[in-house]
1. Whole-Hz Karplus ³J(HN,Hα) for the range A:192-199, in order, using 6.51 cos²θ - 1.76 cosθ + 1.60 and θ = phi - 60°, x for Gly and Pro?
2. Any idea what the relative contact order of the range A:53-94 is, in percent, if you count C-alpha pairs under 8 Å spaced at least 6 apart?
3. Just in the range A:110-213: which trypsin sites (Lys or Arg not before Pro) are loop by DSSP and have at most 11 other Cβ atoms within 10 Å?
4. Output ³J(HN,Hα) for the range A:67-79: one whole-Hz value per residue in order, computed from phi by the Karplus curve 6.51 cos²θ - 1.76 cosθ + 1.60 with θ = phi - 60°, and x for Gly and Pro.
5. From the Cα gyration tensor of the range A:93-235, with a ≥ b ≥ c the square roots of its eigenvalues, which class applies: rounded if a/c is under 1.5, or else prolate if a/b is larger than b/c, or else oblate?
6. State the Cα centre-to-centre distance between the range A:79-140 and the range B:96-133 in whole Å.
7. Considering amide H positions built from the backbone, and no H for Pro or chain starts, which residues 5 or more places from B:GLY111, or on another chain, come under 5 Å of its amide H?
8. Of A:LYS166/B:LYS127; A:LYS42/A:LYS127; B:LYS81/B:LYS127; A:LYS211/B:LYS127, which ones are farther than 26 Å apart at the Cα?
Amino acid sequence: MNPLLLLALLITPATSPSAITPRPTTDNLEEIQKIRQAVQEKVKEKIKEITQTIPTKRGVIGELINLKDNLLVLEYENQTQEISFDDNTVIIDAKRNKTKSSNIKVGQGILALGLTNQENNNLLEAKRLVFIDLSLVNNPQQIIAGQIIDVSKTLPVFTLIPNTDKDKQLQIKTDPKTKVVDRKENALDSKNLKSGDKVIILYKPDPKNPKTILAIKIITILSPAPTPTPKPTGN
Amino acid sequence: MIKELFLAIILGALLGFGLTGSYFALKPQKNNQTPSPTVTSIPTAATVSPVAVSPTPTEPISSLKLSIDSPLNQSIVATSKIELQGSSGPDVSLIVQTPTRTYQTNTDKNGSFAIEIDLESGANIIKVTAIDSELNQADTTLLITYSTAKF
């Protein structure tokens, strides 16, 4: 065998050309990402522009904490809202009579109805200002969910571990007015309540007796499955 | 004999060079290849190391979501009856509280709900509470004003 031919055969695999597939470089990817971001920002800006230019009707409530010229600042649940008003704004007092802007006082509860400002989204241009009692806009009933761990056999009382604090135990009282229902609002007897039941309690806090929870309504959301009774076999 | 011996040495040397050359020629190609995705092993029950049991949390770890789709917060409506629509987890108990009434409903299999509620004239704080069978809880409130005043 010719040694030169042998040499050629040995070298060939080392120098064979390999197919190169074009792949996106990191520069290209960065460029694509930049374009994407720019488009996203532009879309966001456009949406903001559209929503801001269309004034929408809104109603806000709060306690008047600041009054200067024709600008009010209302506060409700730690959030503030600026309200502007003018001579055309209708002002209604607590007795539903029209009143003057001079009767607006700091500390009053106010419902402001108006249009959002095109430039300042936190400013409402009031068309109507109504003096209200803020305590009446909220339902006074409170909700507790939890699991019953003990039911008294002698008193209409059971012990509940609330889902908000599993180290706590609450004594829940019931009376003949207490409604007990299941998730489909089918009436149940309060005697059916048992340890292990998961329930939702609706009650009205009594400021004179804050430790007592008298249930207005009890909704059972899950009852533990009854333990199967062993059946005697035929043997 | 000597001639054949020389030929064998030369051939051996050439074979050695050839193999070495091939190895170095292929090595950089391997480095240029696209890295394959890393496979993260999913720990099985047997491989999970025991963790210390933390004390009972005082706050519930709630994974339950609740959102109201309609009406929007701070809306002004001109009718005393409205339909509240939203979503939470599937088959969740819902309590809807208006200033004077309390309503009870459940979400469907998809987590959607719709309930008709009565409003009082003026401002109404609507509180919605969702509670699932594991006692996870989610709450949201919205202000809806019922007013027929035109402006």
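1. In residue order, the calculated couplings are 6, 5, 9, 4, x, 5, 9, 9 Hz.
2. It rounds to 26 percent for the range A:53-94.
3. On the way: sites: A:LYS127, A:ARG128, A:LYS153, A:LYS166, A:LYS168, A:LYS173, A:LYS177, A:LYS179, A:ARG183, A:LYS184, A:LYS191, A:LYS194, A:LYS198, A:LYS208, A:LYS211; in loops: A:LYS153, A:LYS166, A:LYS168, A:LYS177, A:ARG183, A:LYS184, A:LYS194, A:LYS208, A:LYS211.
Qualifying residues, ordered by number: A:LYS153, A:LYS168, A:LYS177, A:LYS184, A:LYS208, A:LYS211.
4. 9, 9, 6, 10, 10, 10, 10, 9, 10, 9, 6, 6, 10
5. It comes out prolate by the Cα gyration axes.
6. After rounding, the separation between the Cα centres reads 26 Å.
7. B:ASP91
8. Working: A:LYS166/B:LYS127 24 Å; A:LYS42/A:LYS127 34 Å; B:LYS81/B:LYS127 16 Å; A:LYS211/B:LYS127 24 Å.
The pairs that break the limit, which is 26 Å between Cα atoms, are A:LYS42/A:LYS127.
Taken together, the values in this text are just the output of simple stated rules run on the coordinates, not laboratory data. Source: prediction; values computed, not measured. Here Cβ is always computed from backbone atoms with ideal geometry, including for glycine, and neighbour counts include all displayed protein chains.
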